[in-house]
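Visitor: Let me give you the structure first, and then I'll get to my questions.
Bear in mind these aren't lab numbers, they're just calculated from the coordinates by the rules spelled out. Please read all numbers here as calculations on a predicted model, not as lab measurements. Cβ: placed from backbone, ideal geometry, glycine included. Neighbour counts: every protein chain shown.
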Amino acid sequence: MSNIDATVSLRDRGLALLEQLHGGHAGEAMVEELRDVCPDFADMTIDWAIGGIMARPGLDLVTRELVLVASCVTLGYATPQLQAHAEAALKVGASKEQLVETVLQLTFYAGGPAVRNALVLLKKVFAQA
């Protein structure tokens, strides 16, 4: 049984969590960026991925963000998403050490180049934090 408030729409839950994780106008920016191509993808991301999955109980936000960081590193090409999730992880309480260790853990799974590139990106994120 979930303890998600069923009276709150997925959209409202997704937008509130986007605000908490990324601040400002992240939801509107995502919709605007995709408006001319596929605005439904932005809606699905906000509603389902963030409002439906990311907001679920069972894992705290730090853990969820570290999982997403690991996924982005493993993909090797999701650099903007890696940066956004590293920033969000710091915002919800992950330490720099947790982020570095999460990335380093992937050396034998994602490969040295992906880990090296992610560590360089973390250096930039840490400098901006």
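Visitor: Between Thr63 and Arg11, what length comes free when the chain is fully extended (0.36 nm per residue of separation minus the Cα-Cα distance, one decimal in nm)?
Guide: Values: separation 52, 0.36 × 52 = 18.72 nm, distance 2.24 nm.
Length gained, Thr63 through Arg11: 16.5 nm.
Visitor: Suppose the chain between Ile53 and Glu28 were pulled fully straight at 0.36 nm per residue; how much longer would it get relative to their current alpha carbon spacing? Before the final figure, lay out each step's value.
Guide: Details: separation 25, 0.36 × 25 = 9.00 nm, distance 1.95 nm.
Taking 0.36 nm per residue and subtracting the Cα distance, the gain is 7.0 nm.
Visitor: Follow-up question, since we're still on this one. What FRET efficiency do you get for Leu75 and Val100 if R0 is 25 Å and r is their Cβ-Cβ distance, rounded to the nearest 0.05? It would help to have the intermediate numbers written out before the result.
Guide: Working: r = 19 Å, r/R0 = 0.74.
Approximately 0.85, to the nearest 0.05.
Visitor: Peptides 32-43, 78-89: what's the order by average Cβ count within 10 Å, highest mean first? Intermediate results must be reported in sequence, preceding the final value.
Guide: Working: 32-43: 12.2, 78-89: 19.7.
The peptides rank, most packed first, as 78-89, 32-43.
Visitor: Using just the helices of the chain, give the 222 nm mean residue ellipticity in deg cm²/dmol: DSSP H runs with n ≥ 4 each add -39,500 (n - 2.57), and the total is spread over all residues, rounded to 500. Kindly include the intermediate steps, with their values, before the conclusion.
Guide: Values: 8 runs with 86 residues, N = 129.
Result for the chain, helices only: -20000 deg cm²/dmol.
Visitor: Within the chain, which whole H helices from DSSP have a Cα span along their axis of at least 15 Å and a mean Kyte-Doolittle hydropathy of -1.0 or more, if any? Please list the in-between numbers first.
Guide: On the way: long enough: 10-22 (17 Å, -0.18); 61-75 (21 Å, 1.74); 79-91 (18 Å, -0.39); 112-128 (24 Å, 0.64).
The qualifying helices are 10-22, 61-75, 79-91, 112-128.
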